[in-house]
Each structure stands twice: as structure tokens, then as C-alpha cells.
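Undergrad: Dropping a structure here in C-alpha cells format, bear with me for questions.
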Amino acid sequence: MIPQTGFDTLSRMKELFRNSDSAWVGLYQSILDDAGIPTFVYNLGTLQMPVAGLAVAFFPLPIFFPTLCVLSDEDYPEAMEILRGIAVKPSFAGEDWRCPPCGESVPGNFTACWNCQAERGGEDGVRREENADGNNHGLPG
């Protein structure tokens, strides 16, 4: 039997995810590691090179992008199911709203005021809880 070389092993691994941003590849690798699925990332160091404080694409071709692979073919279906379940879905911002306690304008995709941390909710835009005396004293819920 011929011993396996590193290249032969890489060519037989199943690819899960490829992206120019190694942070996404690392995030997905961490998620699969937590699930007990052994993975390997290749091309991790071939994409970007810092030049004068800027990250410059050294090889802008997808073949050189960091690539996440499973080590065992049997783990491929489970790994893909996990990754599909956590895929980032675009968020659609609602209308901007005004925070009643502080009066600041808050972007529609925020669930709480960026200034006073009052949570959005209810008809007036802020969830409130009343104290025992029936007054909420303008405090966010």
C-alpha cells in the first residue's frame, strides 16, 4: 500500500465552506469543533498580506481562499446540516423610532435605545414596568 501524502489527504477531504474572510471560516470551524466534528482549514495563510498597514489581496482567486473541510466523509451530512442551521440571514430593519424616555432617534433594527438602553416594545415604542405605586418613573422595563 502506498503511504498517503499531505496533498493526497487534502484532495480527498470534503469541502464545507470557502470564503475570502478567514474569520467566517474560523467561526464555522469553531462551531463544528464544539459539535465534535473534526475539521481542517487549508489556504489559511495564502490570501492576504499586510502592506503599509493595509490588507492587500495577494491571490484574489477563490482557489486560494481559506477552505473548511471535514476530515471524515461520514461527518459531512451532519456538518452541512449544522452550518445550514446557523447561516446568517439578512436582517430587515423596521422604521426608525424615537425613545420616549430620552427622546433620541433610534435605528429600526435596534431593539433597545442606544443612549439610555430602554427596550423597544409596546405602543409607545418602550416596554415599561410599573412600580408598586403605579408609576414607572420613566424607567425602561
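Undergrad: Could you check Cys102 against (1) open to solvent by 70 Å² or more (accessible area, probe 1.4 Å); (2) at pLDDT 90 or above; (3) of a type outside the set (Asp, Glu) and say which number it fails?
TA: Here Cys102 clears every test but (1).
Undergrad: Residues that are on the phi < 0 side of the Ramachandran plot, out of contact with any Lys or Arg (no Cβ under 7 Å at 6 or more places or on another chain), at pLDDT 90 or above and surrounded by fewer than 14 Cβ atoms within 10 Å (Cβ to Cβ): does region 115-134 have at least one?
TA: Scanning region 115-134, I find at least one residue that is on the phi < 0 side of the Ramachandran plot, out of contact with any Lys or Arg (no Cβ under 7 Å at 6 or more places or on another chain), at pLDDT 90 or above and surrounded by fewer than 14 Cβ atoms within 10 Å (Cβ to Cβ), so the answer is yes.
Undergrad: Now a separate question. Among the residues of region 79-97, which ones are of a type outside the set (Gly, Ala, Ser), within 29 Å of Thr39 (Cα to Cα) and modelled with pLDDT of 85 or more?
TA: Correct list: Met80, Glu81, Ile82, Leu83, Arg84.
The values are calculated or read from the model by the stated rules, or taken from the named source; none is laboratory data. Everything numeric here is computed off the predicted structure, so don't read it as measured data. As a convention, Cβ positions derive from the backbone with ideal geometry for all residues, glycine included, and neighbour counts pool all protein chains shown. With ligands, DNA and RNA removed, areas are computed over all heavy atoms of the protein, side chains included. Shrake-Rupley method; radii C 1.70, N 1.55, O 1.52, S 1.80 Å.
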